[in-house]
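Report on one structure; see the data block that follows.
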Amino acid sequence: LNLPAVKIRLKASGGLDAADIQELAVHLGASVLSVAGRAQALSSGSPVVNLRVKGGPLALGELGAMHPAGKPFALSGGASVDMNIEGPADKPALRGTAKLEGLGAKAAGLELSGFTGSITADPSVIRLDSLAGDASGGRLTVSGTVSDYRREPDIRFKGRLTRLDLGRIFSAKGPVESSSGAAGKGPASGKDAPAPAPPAAQLPAAASRPIRTSGSFSIDEIVHPHLEGKDFSIDWGLTGVTPDFKSLNGTAGLRVKSGKFESMEAITQKSRLAKVLLMPLMIVQKVGKLGILKGMPDLSRVTFKEILGDYSFEQGVMTLKQSRLDSSAGDIASRGKVDLPQEKIEVAVTARVAGVLPLEFNVTGTLADPKVRLSARTFAQPLNELLKGGNPLKNILKGGSGGEADADEPGDEKKPDPVGAILDIFKKRK
């Protein structure tokens, strides 16, 4: 710890099991904190408290710099608190208020400044009332509640951001380090070696405790080296939220009105949320790269009019009730199911591209190894055209020509055309 000048005044009585605090006043640099009340069962391992805590002014920058863990957040601004803390020390009930005055911080690539707002609490709910400030060049306003926070937190949240720079956020996270050293470096040793991460079984239970959450969030403008979007909005009502998605249940909706994107991998590789919301488009892009179907929309560089998503979740399985992309590459719609923990796919896709007959195909397998099968309906319209002497399949089957569009260049050796031969048989029978 790196402590500023400190002055403590204490008046208390009691013993090893219980204590009455008449006055505990702490002057820590420019911050002032006072505590009064009673603590019991101190030797039981489960102490019970009934305390009144008052603080203010609290110099957040000075307090944040006291410990190495707080320094990267670069806290600034002030705060005040007047709170009663009652009950078990590990899960106390709160009653009172806390206020933020010009809060500034750096977190996950966001630079926050000038945030003001108040937090009120009672034994059943914590309320965040209209917290507002600047976030990396955009204006952020949020409000929300946390109900039943002592047992099973229910987080309800509403917010709006005028501008979000995803590129700055993703780049700020940096490479992931392993127990053998930082990414891109040789193995660390000696006193500079990072401590190995604890096994999952040793992590605190609270770290993986499922969360219940609902709310909505909108962003006027999103920028990223591979993405631009306007009028982004998302709403959700979810239970069982954990990092592995295994117990995820509920619904979510997504809408982006206009923009453009490229290199979807760069957008989704550092955000699990983005990967879930854009999973239908990732499936189509993966199929396109396999080169199985001709006439597939090219999603490597897309200008879009709208992206829509309507999803439901049950035990980690996402049902695509509606997923649609209206873009320069074509109109793509998807329905089906995706097992998020295992990335298993059962999705039906319809892709309409100008000048090419609609493609309908089913995708199964996994996102890493998808299996593609053309829908029977894909052939219905081409067969009708075939009876008229046309050859529509040249735009559907990879390698199938049978028409002038795929004629060999002068001087080239004529290549076998099995699809064209089959079509010739049909034409002769007609």
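Just a few scattered comments:
- Condition check for S118: hydroxyl-bearing (S, T, Y), without any contact (Cβ under 8 Å) to a residue 60 or more places away in the chain and out of contact with any Pro (no Cβ under 9 Å at 6 or more places or on another chain): yes
- Which listed residue is surrounded by fewer than 17 Cβ atoms within 10 Å (Cβ to Cβ), at negative phi and out of contact with any Ser or Thr (no Cβ under 6 Å at 6 or more places or on another chain), from A107, A135: A107
- All conditions in (1) under 21 Å from the mean Cα position of the chain (by Cα); (2) open to solvent by 70 Å² or more (accessible area, probe 1.4 Å); (3) closer than 21 Å to D369 by Cα; (4) modelled with pLDDT under 80 hold for K337, with the sole exception of (4).
- Restricting the range 351-364 to residues that are open to solvent by 30 Å² or more (accessible area, probe 1.4 Å) and under 14 Å from G336 (Cα atoms) leaves a set whose member that is modelled with the lowest pLDDT is E360.
- Condition check for E385: farther than 11 Å from V287 by Cβ and modelled with pLDDT of 65 or more: no
- V35 being open to solvent by less than 60 Å² (accessible area, probe 1.4 Å), under 25 Å from R95 (Cα atoms), in contact (Cβ under 8 Å) with a residue 40 or more places away in the chain and within 42 Å of the chain's Cα centre (by Cα): no
- Per-region count, the range 83-104, residues loosely packed, with under 15 Cβ neighbours inside 10 Å and in contact with a Lys or Arg (Cβ under 9 Å, 6 or more places away or on another chain): 3
The values are calculated or read from the model by the stated rules, or taken from the named source; none is laboratory data. No experiment lies behind these values; they were computed from the predicted model shown. No Cβ is skipped: glycine too gets one built from the backbone with ideal geometry, and neighbour counts run over all protein chains shown. Areas reflect the complete protein model, heavy atoms only, side chains present, ligands, DNA and RNA absent. Shrake-Rupley method; radii C 1.70, N 1.55, O 1.52, S 1.80 Å.
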